[in-house]
1. Given the conditions (1) surrounded by fewer than 16 Cβ atoms within 10 Å (Cβ to Cβ); (2) of a type outside the set (Asp, Glu); (3) touching a residue at least 40 places away in the same chain (Cβ under 8 Å), which single one is not true for residue 306?
2. Search segment 168-180 for residues that are in contact (Cβ under 8 Å) with a residue 40 or more places away in the chain and under 17 Å from residue 102 (Cβ atoms) and pair each with any residue that is open to solvent by 10 Å² or more (accessible area, probe 1.4 Å) and of a type in the set (A, V, I, L, M) when their beta-carbon atoms are under 7 Å apart and the residues are at least 6 apart or on different chains.
3. Does segment 205-224 contain any residue that is open to solvent by less than 60 Å² (accessible area, probe 1.4 Å) and closer than 18 Å to residue 122 by Cα?
4. Among (1) without any contact (Cβ under 8 Å) to a residue 24 or more places away in the chain; (2) over 23 Å from residue 240 (Cβ atoms), which single condition is residue 141 missing?
5. Within segment 139-155, how many residues are open to solvent by less than 30 Å² (accessible area, probe 1.4 Å) and within 24 Å of residue 84 (Cα to Cα)?
6. When you go through 63, 43, 58 one by one, which is the residue that is modelled with pLDDT of 50 or more, under 22 Å from residue 254 (Cβ atoms) and open to solvent by 40 Å² or more (accessible area, probe 1.4 Å)?
7. May I ask you to list the residues in segment 234-285 that are among the aliphatic types (A, V, I, L, M), in contact with an Asp or Glu (Cβ under 8 Å, 6 or more places away or on another chain) and not in a helix (DSSP H, G or I)?
8. Looking only at segment 161-183, filter to residues that are β-branched (Val, Ile, Thr) and crowded, with 22+ Cβ neighbours inside 10 Å; which one of those is farthest from residue 248 (Cα to Cα)?
Amino acid sequence: MTDVRRREFITLLGGAAAAWPLVAHAQQSVMPVIGFMSSRSPEDSVHLLEAFRRGLKEGGFSEGQNVAIEFRWAHGDYSKLPALAADLVSRRVNVLTAVGGDPSPHAAKRAASTIPIVFGMGGDPVSDGLVESFNRPGGNVTGVTLLTNLMEPKRLGLLRELAPGVTLIGALVNPAFAPAARQQQQLDEASRASNLRLVIAKASTDDDLDAAFASLVREGVGALVVAADPFFDTRSDRIVAFAARQRLPTIYQFREYAVVGGLLSYGVSITNAYRQFGVYTAAILKGAKPADLPVQQPSKFELVINLKTAKALGLKISDDLLSLADEVIE
């Protein structure tokens, strides 16, 4: 090799060697991306996102520092979820966190056969076909179930205890929500067992909600069960305001309803659930396989009573019911 060729080769080699650390640094600096999709709205999920980020941080991840998050929201319109899931899959996110009720994880699973999925739902993920079992989910899906869709009979019983003189009870159900048929069946069976008459009002859009309110007033119901449903969560202010105007004792699924003036809620802590979504998402980013992460279930259900609302409705809360309450808002 001539001296000129040797000098050219050494120069080329030196330039390539100098570039190697830059390439390695660029590869290391590329942050993993979480695709976060929800049936809910960002406006009603601020505190839930705080809990999710808290769970991520417990696992060693902070948004903007060593992980990025792509958010997609359906605003209570479940028909948008398949497109949201497909969009996130096309962006090749590292993990897909699908929350805000049952429709979201189902849309995610249909769109992503290999991307790890962390779900949040209110039903039974085994009978719904999301996972093989609670302890060994199998496949690319795991997560947390709040079991709140299965609590309608319990809520009806609590409402009856609160308003024992009421015999005609309304139930607000969303027919666009896949578990709605089972919820309605459970409410029908529980009402018959308690010698109560039940009026079902259905709503899956804002216009439907107005019509449902009108039908409940027309039927003259004396109390109301709001079925567990993310669409209703995104419209909680409207529903609570309706119940207040009509002076209807009403029970809901989450504490958040009682905080904004709802009378009674019975369910799990949704903020704790979102923290767990973050913990599982972080674990998968660190290499855990969804198939090896057991589906988490709630160990506690909370009864929350808004005493101020009860007084405004002229209701006397029994000592027995107060003693059962996990929280009393005054």
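The values are calculated or read from the model by the stated rules, or taken from the named source; none is laboratory data. As the structure is a computational prediction, the values presented were derived from the model and not from experiment. No Cβ is skipped: glycine too gets one built from the backbone with ideal geometry, and neighbour counts run over all protein chains shown. With ligands, DNA and RNA removed, areas are computed over all heavy atoms of the protein, side chains included. Shrake-Rupley method; radii C 1.70, N 1.55, O 1.52, S 1.80 Å.
1. Going through (1) surrounded by fewer than 16 Cβ atoms within 10 Å (Cβ to Cβ); (2) of a type outside the set (Asp, Glu); (3) touching a residue at least 40 places away in the same chain (Cβ under 8 Å) one by one, residue 306 breaks only (1).
2. Final answer for the pair search is 173/200.
3. no
4. (1)
5. Number of matching residues: 8.
6. The conditions single out 43.
7. Once the filter is applied, which keeps residues that are among the aliphatic types (A, V, I, L, M), in contact with an Asp or Glu (Cβ under 8 Å, 6 or more places away or on another chain) and not in a helix (DSSP H, G or I), segment 234-285 yields 260, 268.
8. 173
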